Amino acid sequence: KLYLSKIINSDKNNIVYKAAEVLKERFNIKSGLNIFIQKNIPVAAGMAGGSADAAATISLLNEAYGNPLTTEEMCALGATVGADVPFCLMKGTCICEGIGEKITRLPALSGIDIVCAIDSSSVSTPRAFSLLDAKYGTDCTDSADISGLSNALKDADVTEISSHLFNKFESVI
């Protein structure tokens, strides 16, 4: 049996539970696991908190069993439990395309502090994507200037970086 702390929902639909189950199967773990998660970002804030927790679970279990999995293998397993999990396993500055499975590393963002501010409202990920699909259909690609963003990151030019950022969800949430 897999045990999760009471801080998070310990039902089988929890993404950390799913990640642990995938690794238990992959490593043929027969005994239970105790996983304690201390949440430091708001739930349902659109910041991939659950996905980061699932990625940490995969990474830590891989480490506990001698690091037999490559990053690519961990990403493939992570993708089975959540689209953002591979991104969280990659660590660093990346751009994701498709449903998150196409990951391209970008230059590191260094020397710049980032502050995220949210209000007290929250929207579940399935609900957010449902609203996006309703407005734009299932193919809501934008022609982002990845090359321009990459150059701005290299130059640590905050103004130029900002000019390349957008959040498609702002139009529906």
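Ranking Gly49, Ile146, Ser110 by Cα position along the charge dipole of the chain, where only Lys, Arg, Asp and Glu carry charges on their C-beta atoms, puts Gly49 farthest toward the positive end.
Rounded to the nearest 20 debye, the dipole size of the stretch 61-173 about its Cα centre is 160 debye, using +1 on the Cβ of Lys and Arg and -1 on the Cβ of Asp and Glu. Within the chain, the proportion of C-alpha pairs whose separation exceeds 24 Å stands at 46%.
Exposed loop sites were defined as chymotrypsin sites (Phe, Trp or Tyr not before Pro) in DSSP loop states (anything but H, G, I, E or B) carrying at most 12 other C-beta atoms within 10 Å; in the chain the longest segment without such a site runs 37-165.
If you average 1/r over every pair of different alpha-carbon atoms in the stretch 41-113 and take one over that average, what Kirkwood value in Å do you get? With all distinct Cα pairs of the stretch 41-113 included, I get 12.9 Å.
P(r) for the stretch 77-173, from all Cα pairs and a bin width of 10 Å, is 13, 38, 41, 9 %, short bins first.
Over the chain, what relative contact order in percent results from Cα pairs under 8 Å that are six or more residues apart?
Result for the chain is 17 percent.
Excluding same-chain neighbours fewer than eight residues apart, the lysines reachable from Lys154 by a Cα-Cα span under 21 Å are Lys91.
The numbers here are math on the coordinates, done by the rules we state, and not lab data. Small disclaimer: the values here were computed from a predicted structure and weren't measured. Cβ: placed from backbone, ideal geometry, glycine included. Neighbour counts: every protein chain shown.
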